[in-house]
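Novice: Okay, here's the structure, questions in a sec.
Any read-out appearing in this document is the output of simple, stated calculations on the displayed coordinates, not a laboratory observation. Predicted model, so just to flag it, every value in this text is computed and none were measured. Cβ coordinates were reconstructed from backbone atoms using ideal geometry, including for glycine residues, and neighbour counts include every protein chain displayed.
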Amino acid sequence: GGSARLPGQQTDDKMRAFAEQVFASETKGEDVRDEISMFDVDDDCPIMHQEMAHHLHTEDDAEKRKRHQHCRTMNVPAAAAKASATHVTASTAVVSVEVDTPTYLEVPDFQRVAIIGDYASGVTMDDFELSCKGVYRALTIREKYMRLAYQRFPLTTSEYLREIEGGSFKTEDLVQPVFTAPPKQGEDPFDTKNLPKDLGYVARMKDGVIYVYKDAAAADKHQPKDLPCPDYDTFIDDMNFLIALIAQGPTKTYTHRRLKFLMSKFNVHEMLNEMEEMKELKLNPHRDFYNCRKVDTHIHAAACMNQKHLLRFIKRSYRVDAERVVHKLNGKEVTMKELFESLHLHPYDLTVDSLDVHAGRQTFQRFDKFNAKYNPVGASELRDLYMKTENHIGGEYFATIIKEVASDLEDAKYQYAEPRLSIYGCNPTEWHKLSSWFVKHRVFSPNLKWMIQIPRIYDIFRGRNFVPHFGKMLENIFLPVFNATIDPQSHPELSIFLQHVTGFDSVDDESKHSGHMFCTKSPKPQEWDVGKNPSYTYYIYYMYANIAVLNQLRRSRGMNTFTFRPHCGEAGAITHLLAAFMTADNISHGLNLKKSPVLQYLYFLTQIPIAMSPLSNNSLFLEYAKNPLLEFHKKGLVVSLSTDDPMQFHYTKEPLMEEYAIAAQVFKLSTCDMCEISRNSVLQSAMSHEEKSHFLGQNYLKEGPEGNDIRKTNVAQIRMAYRYETLCYELNLIKEGVKSD
Ligand SMILES: [Zn+2]
């Protein structure tokens, strides 16, 4: 130790010893964290329990606060009251809550983060205006495509767009998807008694899109019913505009800076208001993170059980069914015992290790190896037997496993999942088979909302000559659904199944390149007869176009509609995220938004929900710590947590909770963060209006704090107000930028 002592100063012996220790350890390069902690604080500087308890119980807080009121530098109007009242002036007082507001809707006083002065600081006025005009047009493009397909677009954003145009927002312009309400007590979800009558229409595909005609004569003359389909050339125009926009220098700079600002703003908000937010939650009776509703917004049915569950099921099925004929091997019927013998296996010896369905180090950046993990013990026969809807036993085991997963969710009560089942487009009978499986095994649970995933594997089907061209694949996917919509009574099982289907997903490895560029010169689907796979965007456009027409038809019949929720931005080109911006109600993954500030900012302004699965990414594409989930959440993008494939990624009986728990630990999420993400998941999900009203509060369709019922969501009203005011502030900038000349 070489600490100098000032002359005449008495140093406490203990202090000196401590100081010497610090210096000594420094020179020796030892771990000095304990010593240094006296002078330093942790980065995230958590609020201690004691401080919190004190804050909760001392009555003088309010008094003291009042005394310090004059110290405030400025007040900012809260956008909470009305969306239009957002123009920032320093003189306006903090908004006061109306007298008749129910207490649960009140937003407690909190510290607002505000910037005074020039909006465009950081970019020139010209660049500011240019960027705002581009962003404005991009927003109107998404709004148009969402409306056409009965998908969602935020009310607040629409209101600003109308203000920019000098009009006002009309509530009748607001469209919402329609999801089937859960059966009432005593009602049978498989009841076919009340299926609507045959309309007698004819559905036919033309250039990759299904049209609906009054009758066959009208179809021959191509005089379709008025169900507007997004015009192909306009779509390409819009897409080209967006491609130019996301590459435009000034817009990239502007949006990058806005996103950085949003990040800093949240950090400051958190620092100033963390304790106030927590206070709201602590004072909220009954509700906590465990009993607020959360939905697994992205999960594949074939991997919805965890590895231990699958193992137990295999062993149990063998004990009961060893002598049952379950499979056809080389044309010969075999019992389960014989099947296992042919694989040189005995189920008794199986462990989760030999089952080998879990992803690990070897699957990172190797989607091909990951896909092989769907085969238990590497045997596709077992995948057939346990994880398929079509096999020798009519998909009985798969149905049973799913119902067991559902029953676990029902026991947990507050957890829901949206599993995906596959339709491949290989032949027109797939829908019929899948819906009979669903109805026969009564695979229904109030905790499950079904989705259909379409794998982008035309190239494989064409290679095996299953389909003559891409158009046939689209027809196989969509024509049966149109026919069941037109004449439900002739397709009772499919009609029932469709009531429980809530949307379409598009799946496959996005890092595969097709080499095809989507443009006006692209061949029409019926002309696409080469072995090569079309591009992601080509798939997305045709799926969207058919869903849009289908939704209009179903809406006109009072039926439920479908949302489009593709896997997007997990890997691959940035254009995937652009195509989804135009067509998708919400997406899964979205990792690549990191690479385009313009798109990321557009996803923020339009509040497109993103189902993120950091554990899945960790095994496939991106290390956990590098996952942008926290960053997106802080900036105000709407993120939810999902498991993707519990069989491959999770260890416990509650995979969704595992996902939340790990995110909370790694990203140091607060309870308010976790509950906000849960709330996002319910909003993103295909829960019906009735369920959402029940889970989130009856005003859930309103945006901002008035749409939040803290008694049900456990999300602080301060957080809601912060999010809402922040969105309004950014939209207001766009308005100012567009209108400034
Ligand atoms: Zn997935």
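Novice: Kindly give the semi-axes, whole Å and largest first, of the ellipsoid equivalent to the range 269-385, taking each as the square root of 5 times a Cα gyration tensor eigenvalue.
Specialist: For the range 269-385, the semi-axes come out at 45, 18, 12 Å.
Novice: Using +1 on the beta carbon of Lys and Arg, -1 on that of Asp and Glu, and nothing else charged, what's the dipole of the range 236-739 about the Cα centre, debye to 20? Before the final figure, lay out each step's value.
Specialist: Values: 60 positive and 57 negative charges, 128 e Å.
It comes to approximately 620 debye.
Novice: Pairs of Cα atoms under 8 Å, at least six residues apart: use those to get the relative contact order of the range 534-651, whole percent. Write out the running numbers ahead of the final one.
Specialist: Working: 153 pairs, mean separation 22.7, N = 118.
Across the range 534-651, relative contact order equals 19 percent.
Novice: Okay, moving on. Describe numerically, in nm with one decimal, the distance between label points set 7 Å from Cα along Cα→Cβ at Arg162 and at Arg557.
Specialist: The modelled label-to-label distance comes out at 3.2 nm.
Novice: For Asp321 and Ser740, what does the FRET efficiency come to when R0 = 60 Å and r is the distance between their Cβ atoms, rounded to the nearest 0.05? Mind showing how you got there, number by number?
Specialist: Values: r = 73 Å, r/R0 = 1.22.
Calculated value: 0.25.
Novice: While we're here: Normalising by the residue count of the range 167-220, find the relative contact order in percent from Cα pairs under 8 Å and 6+ residues apart.
Specialist: 20 percent
Novice: Provide Asp505, Asp207 in ascending order of the number of other Cβ atoms located within 10 Å of each residue's Cβ, fewest first.
Specialist: Asp207, Asp505
Novice: Report, in listed order, any pair from Lys634/Lys692; Lys144/Lys735; Lys225/Lys532; Lys403/Lys702; Lys260/Lys692 with a Cα-Cα distance greater than 28 Å.
Specialist: Values: Lys634/Lys692 24 Å; Lys144/Lys735 19 Å; Lys225/Lys532 34 Å; Lys403/Lys702 35 Å; Lys260/Lys692 33 Å.
Too far apart for the 28 Å limit: Lys225/Lys532; Lys403/Lys702; Lys260/Lys692.
Novice: With a Cα-only, solvent-free Debye model of the range 370-485, what are the log10 I(q)/I(0) values at q = 0.23 Å⁻¹?
Specialist: Relative scattering, expressed as log10 I(q)/I(0), comes to -1.37.
Novice: Which of rounded, prolate, oblate describes the range 453-598, given a ≥ b ≥ c as roots of the alpha-carbon gyration tensor eigenvalues and a/c under 1.5 marking rounded, otherwise prolate only if a/b is larger than b/c?
Specialist: oblate
Novice: Considering every Cα-Cα pair within the range 132-213, what fraction, in whole percent, is farther apart than 20 Å?
Specialist: More than 20 Å apart: 60 percent of the Cα pairs in the range 132-213.
Novice: Could I ask something else about it? Using +1 at the C-beta of Lys and Arg and -1 at the C-beta of Asp and Glu, which of Ser640, Tyr213, Tyr603 has the Cα lying farthest in the positive direction of the dipole of the chain?
Specialist: Tyr213
Novice: Can you show me the helix-derived [θ] at 222 nm for the chain, built from DSSP H runs with n ≥ 4 at -39,500 (n - 2.57) apiece and divided by the number of residues, rounded to the nearest 500. Spell out each step's value before the answer.
Specialist: On the way: 30 runs with 345 residues, N = 741.
When only DSSP H runs of four or more count, the value is -14500 deg cm²/dmol.
Novice: Of Lys369/Lys635; Lys197/Lys449; Lys133/Lys265; Lys282/Lys626; Lys332/Lys433, which sit over 29 Å apart, Cα to Cα?
Specialist: From Lys369/Lys635; Lys197/Lys449; Lys133/Lys265; Lys282/Lys626; Lys332/Lys433, over 29 Å: Lys369/Lys635; Lys282/Lys626.
Novice: What is the pair-distance distribution P(r) of the range 575-615, computed from all Cα-Cα distances in 5 Å bins starting at 0, with each bin given as a whole percent?
Specialist: Calculated P(r), rounded to whole percents: 6, 23, 41, 23, 6, 1.
Novice: For each of Arg137, Arg462, Arg565, Arg420, count neighbouring Cβ atoms within 10 Å of the residue's Cβ, then give the residues from fewest to most.
Specialist: Arg137, Arg462, Arg420, Arg565
Novice: Determine the sum of side-chain charges near Ala181: Lys and Arg each +1, Asp and Glu each -1, restricted to other residues whose C-beta is under 15 angstrom from that of Ala181.
Specialist: Cβ neighbours under 15 Å give a net charge of -2.
Novice: Find out how many positive minus negative residues lie around Ser495, taking Lys and Arg as positive, Asp and Glu as negative, among other residues whose Cβ is under 13 Å from that of Ser495.
Specialist: Numbers: positive: Lys193, Lys197, Arg554, Arg557; negative: Asp191, Asp198, Asp487, Glu493.
Taking every other residue near Ser495 into account, the sum is 0.
Novice: Report P(r) for the range 95-247: all Cα-Cα distances, bin width 10 Å, range 0 to the bin holding the largest distance, values in whole percent.
Specialist: Percent of pairs per bin, in order: 7, 18, 25, 24, 14, 9, 2.
Novice: Now a separate question. Would you kindly compute the Cα radius of gyration of the range 521-562 and its largest Cα-Cα separation (Dmax), both in Å?
Specialist: According to the Cα coordinates of the range 521-562, Rg and Dmax are 13.7, 40 Å.
Novice: Report the label-to-label distance for Asn291 and Gln111 in nanometres (one decimal), using points 7 Å from each Cα along the Cα→Cβ vector.
Specialist: My value for the distance between the label points is 3.4 nm.
Novice: Most exposed first by the Cβ proxy, i.e. fewest other Cβ within 10 Å, how do His300, His513 rank? Can you show the working numbers first?
Specialist: Numbers: His300 22, His513 11.
Ranked by crowding around the Cβ, least crowded first: His513, His300.
Novice: Another one. Which whole-percent values make up P(r) of the chain when all C-alpha to C-alpha distances are grouped in 10 Å steps starting at zero?
Specialist: So the P(r) values, bin by bin, are 2, 13, 22, 24, 19, 11, 6, 2, 1, 0, 0.
Novice: Please report Rg over Rh for the range 619-741, where both radii come from the alpha carbon positions and Rh follows the Kirkwood definition.
Specialist: 1.03
Novice: Glu341: net charge of surrounding residues, Cβ under 14 Å, Lys/Arg +1, Asp/Glu -1, itself excluded? If you can, show how the numbers build up before the last one.
Specialist: Details: positive: Lys332, Lys337; negative: Glu323, Glu338, Asp349, Glu381.
Value of the local net charge: -2.
Novice: Could you order the peptides 363-374, 571-582 from most to least packed, using the average number of other C-beta atoms within 10 Å per residue?
Specialist: 571-582, 363-374
Novice: For the range 525-656, count the residues as N, evaluate 2.2 N^0.38 Å, and divide the Cα radius of gyration by that value, please. Kindly include the intermediate steps, with their values, before the conclusion.
Specialist: On the way: Rg = 16.6 Å, N = 132, 2.2 N^0.38 = 14.1 Å.
Ratio of Rg to 2.2 N^0.38 Å for the range 525-656: 1.18.
Novice: While we're here: Once you have a ≥ b ≥ c as the square roots of the Cα gyration tensor eigenvalues for the range 314-433, tell me rounded if a/c is under 1.5, and otherwise prolate or oblate according to whether a/b is larger than b/c.
Specialist: Rounded, because the longest to shortest axis ratio a/c is under 1.5.
Novice: Okay, moving on. Computed FRET efficiency, Cβ-Cβ of Thr335 and Ala216, R0 45 Å: what is it to the nearest 0.05?
Specialist: With a Förster radius of 45 Å, E is 0.35.
Novice: Relative contact order of the chain: what whole-number percent is it, with Cα pairs under 8 angstrom and at least 6 residues apart?
Specialist: Numbers: 1156 pairs, mean separation 154.2, N = 741.
Averaging sequence separation for qualifying contacts and normalising by length gives 21 percent for the chain.
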